[in-house]
1. Identify, among T119, S108, W130, the residue whose Cα sits farthest towards the positive end of the charge dipole of the stretch 54-190, taking +1 on the Cβ of Lys and Arg and -1 on the Cβ of Asp and Glu, with the dipole about the Cα centre.
2. Give me the number: length gained by fully extending E146 to A32, i.e. 0.36 nm times residue separation minus the C-alpha to C-alpha distance, one decimal in nm.
3. Return the FRET efficiency for the residue pair E156, L24: r is the Cβ-Cβ distance, R0 is 41 Å, and the value is rounded to the nearest 0.05.
4. How high is the FRET efficiency from S165 to E133, r the C-beta distance, R0 35 Å, rounded to 0.05?
5. Give the share of C-alpha pairs in each 10 angstrom bin for the stretch 54-190, from 0 to the last occupied bin, in whole percents, shortest bins first.
6. In the stretch 158-194, what trypsin sites (Lys or Arg not before Pro) fall in a loop by DSSP, with at most 16 other Cβ atoms inside 10 Å?
7. Give, rounded to the nearest 20 debye, the magnitude of the charge dipole that the stretch 54-190 has about its Cα centre when Lys and Arg contribute +1 at Cβ and Asp and Glu contribute -1 at Cβ.
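What follows draws every value from the coordinates through simple rules; no lab data is involved. Bear in mind that the values here come from a model prediction, so they are computed numbers and not experimental data. Quick reminder, even Gly has a Cβ in these numbers, built from the backbone with ideal geometry, and neighbours come from all protein chains shown.
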Amino acid sequence: MRCRMKHKNERGFTLIELVVALALSTIIMGIAAGLIVRVVGLTQAVPGISSAPVDDRALVVRQLQNAGFWVTSDVLKSQSVKCNDTIINDFTWYIGSGNITLRWMDWSSGNTTRVAYNTSTDAAGLNELWRYEQLYDTGNNPVGNEMASRIAQYLESSSSCQWNSTAKVLTLNVTACLGGERQNRIYTVKARPF
């Protein structure tokens, strides 16, 4: 049997080095475990707020915010508001009952933008709010293709839009429902004078 002799320059890890390495790996694993718990926790119910998963609640609120953003933005730009392509002094529009059309002109180019809001029903029987935008030149000819965007899903048929022509105020009352989560938002916007 041969015995190996140790040279002076040859060393192994000391106990302190091993303890420091173990402590660092424990800290890194703790951080990773915390992140995993947070990611998994996103699908758990929020105590005291709702029995619906956080994902459903966040998705429903985001749909309402998106609908409010686009309708508000377009009403602020509009120079005319129509329900089912006719000018009506005051109207209430319910999801599934035709469309709302807004128009405004770009003063620098003379082009007109027409935005129409309409709804469709998805496979689950809930409504989707769609926004259709078309640009027209000064001769009222379409420029390019119409752009269609789904701006909100999971809307209940009780959602409505009211136009008061005297005050030039549009009120969007929108309700969305997904799973066990149901949220409602009311957006009121005063149109610019036209």
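1. S108
2. Result: 36.3 nm gained on full extension.
3. The value I calculate is 0.15.
4. Values: r = 23 Å, r/R0 = 0.67.
With R0 = 35 Å, the Cβ-Cβ based efficiency is 0.90.
5. Bins of 10 Å from zero give 12, 42, 31, 12, 2, 0 percent of pairs.
6. Here the trypsin sites (Lys or Arg not before Pro) that fit, given the DSSP loop and packing criteria, are K168.
7. Details: 12 positive and 13 negative charges, 75 e Å.
Using Cβ point charges on Lys, Arg, Asp and Glu, the stretch 54-190 gives about 360 debye.
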